[in-house]
Structures are given as structure tokens and as C-alpha cells.
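Each remark here refers to the structure printed beneath this line.
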Amino acid sequence: ILRDAKKICQHPNKTKDGISFSLRANIEFVEELEAVEKYCAEGIGLLRTESIYLRNQQFKNVDEQESFYIKMLENTAPHPVVIRLFDAGGDKVLDNSSLEQNPFLGWRGIRMLLDQEELLEQQLKAICKAAAEFKGRVRILIPMVSTIEHISRVRALLDAAQEELSENGVEPDKDIELGIMVEVPNVALQADFFAQHVDFMSIGTNDLTQYLLAVDRGNERISKLYDQRHPAVWKLINRVSQAAQKESIPLSICGELASDPVSACCLVGMGIDDLSMNAAALPAVKKALRSHESSELHELAQNVLDAQTIGHVNELFSNWNSI
Ligand code: PEP
Ligand code: MG
């Protein structure tokens, strides 16, 4: 952690030539709100909600969930809070009795939720209730999307939850945005198509990397092969960025890659100016972005896109570090 973190905090989120970017926090627990404030994050770019289950061994009811979301919203005003729907399965195991041979390729994220509709309905209800109290600040993020049907089914359930709210005399927040995690390679490859069906997208490089490189993100034996700075990951990210620009929808990134200062520079150079990461990483990322002109960031991105091996990428990055 940088010693001058406090000072950096007060400086605007702008590159040397005055181009704005946003830095937000990835969090999961109420206890982490302190760090969101300490490191001056512009709200929560990824609220992981699995803990609602994991901490209690059962999903909380609508009211308890609502108060969890409200606490997050109260403490981050006036910034957005991106609430990700339960992303259970894979490394976030819920129920040992349903062990699968390939959990990361199995019943996880939205695949599981759509089979447990009541759970999803409850979560959407709780989110809509919280959003109605803090209008214009809530975004809903769907994990592990791999088909358009995943999106349309969630949208229908979201509409129903909003409808129910107004039937109960509460005016819903009509501006809730619905977006998807881009973490399955087919979605990244067809990002222009998926972009037409959502309000925003967020790239999850943790999973995108494991699926693209066929390397389990948690397996120590092959951890040398798991590198989010792989040239193929950069090429795919760039493709998603171009698709989002073409379709004029906001794109952010919430995978670990964003917390690496030089990678963050490269991401902004590729046109992704909304980065979410663990809060403690914010000062170093901000310092790196503030000390460069946007043309330099763009040049770095162009060079990385020409790299063919991780070695080339690392070489480019260490030269950049010494600038
Ligand atoms: C990701 O996959 O990059 C991500 C941010 O989500 P998680 O790490 O929770 O799977
Ligand atoms: Mg993920």
C-alpha cells in the first residue's frame, strides 16, 4: 500500500491530459465498506452476494437481503452499486451433496439461479425494494451468462418484481440497469450481439482467463499457466471494448486484472475507463493512470495487442514501469 494513499485519494480521477476514468471497489461484506471510503472508490463496481448464503448456510429472506443492499447504498452515496446476482457453484460451493465432475463447467451462476427460480425472485424483489429507496443508483449484474435466453428470463423476472412493487403502492426505480458479466469466451466473441440485449457489460477476467486458457483458476499445479496478462486475453478484451463502443453501451472490468497498475493503464488505453477492484489496490492504479497521457495509454494497448507471448507482454510492461 502506498504511503501517500491519502493524498492520492483527493486528486481527481483524470489522466495527465485530463481524460476521466472511474475507479470502484469489489466487495462482499458490510465490513469492507470502510475500505471503500478510505480509498475513495466511486461506489461499488462489483457487489458479490454469495456471502448472503455462505455466512448463514441458508438464503436470507427478502427483508434481510434488502437491508444488506440498503447498507451498501447508504454508505456509498451518490455513487452506483452494481449488485451481482448469486454466483454460486464453481469455486463458491454451496452444497456438497451436489458435487459435479466439472463444477466450473457445470451448474453455477445464472444456470443454477434459473433452476431455482424462487431464490432468484426473492433476490430480485429485495434488490428492487432497495433500489426504490435509492433511485438511479442500482445496477444488476448477471453472472456466468452464456446465452441470450439467460438475459431475457432475468429481465422478465425483474419486470415482474417491479410490477409487484408498484401493486403494493411503492414507486419502483425505473432506471435499474441490467447487465452481464463477460466471463465466458463465447459471450466475449459475440459481444456485439449480446450488447444489443443489455444496458451494460462488465468483463470478469478471473473466469474469462480460466475458460479461454483452459486452466483451472484455483489449481496450484497449473498456476504457472494461469496468467490474466496472456496475449489472447488482451485480444479478447479489446474485442469486447470495440463491441461496446459500437453498440454505445457502458463497459467496465471487475476481474483481478484491473488491480494491476500497468494492466489498468492498458485497459484504459483500450477504451475501458471504468475499473473495479479490491479497494486497497486503488491508490497504486490511480497513481499510474494519473501519471500518463491518454495517448501513451493507447500506445501501450496497441503494443500489447501485437504481443504473441506472455514474455512479450511482460517485457512491454516492465519497460513501461521504468518510464
Ligand atoms: C471474474 O470472474 O473475473 C469475477 C470478477 O468474478 P468472480 O471472481 O467472483 O468469479
Ligand atoms: Mg466470475
**Message:** So, in region 234-278, how many residues would count as being among the polar types (S, T, N, Q), under 22 Å from GLY43 (Cα atoms) and in contact (Cβ under 8 Å) with a residue 60 or more places away in the chain?
**Reply:** 3
**Prompt:** Out of curiosity, is PRO172 surrounded by fewer than 21 Cβ atoms within 10 Å (Cβ to Cβ), modelled with pLDDT of 95 or more and within 16 Å of ligand 2 (Cβ to nearest atom)?
**Reply:** no
**Members of region 195-232 that are within 16 Å of ligand 1 (Cβ to nearest atom) and under 13 Å from PRO250 (Cα atoms)** = PHE200, MET201, SER202, ILE203
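Listed here are the residues, each with its yes/no results for (1) within 16 Å of ligand 1 (Cβ to nearest atom); (2) at pLDDT 95 or above; (3) in contact with a strand residue (DSSP E or B) (Cβ under 6 Å, 6 or more places away or on another chain).
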{"site": "ARG108", "(1), (2), (3)": "yes, no, yes"}
{"site": "MET112", "(1), (2), (3)": "yes, no, yes"}
{"site": "CYS128", "(1), (2), (3)": "no, yes, no"}
{"site": "ALA132", "(1), (2), (3)": "no, yes, no"}
{"site": "ARG139", "(1), (2), (3)": "yes, yes, yes"}
{"site": "ILE148", "(1), (2), (3)": "no, yes, no"}
{"site": "SER152", "(1), (2), (3)": "no, yes, no"}
**Failed item, numbered, when ARG217 is tested on (1) modelled with pLDDT of 95 or more; (2) within 15 Å of ligand 2 (Cβ to nearest atom)** = (1)
**Request:** Kindly provide the set of residues from region 241-257 that are out of contact with any Asp or Glu (no Cβ under 9 Å at 6 or more places or on another chain) and over 18 Å from PRO185 (Cα atoms), ordered by number.
**Result:** GLN245, SER248
**Prompt:** In region 7-30, what residues are closer than 19 Å to HIS298 by Cβ, assigned to a strand (DSSP E or B) and among the small types (Gly, Ala, Ser)?
**Reply:** SER20, SER22
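The values are calculated or read from the model by the stated rules, or taken from the named source; none is laboratory data. In this text, all values refer to a predicted model and were calculated from it rather than measured experimentally. Heads up, the Cβs are rebuilt from the backbone with ideal geometry, glycines too, and the neighbour counts pull from every protein chain shown.
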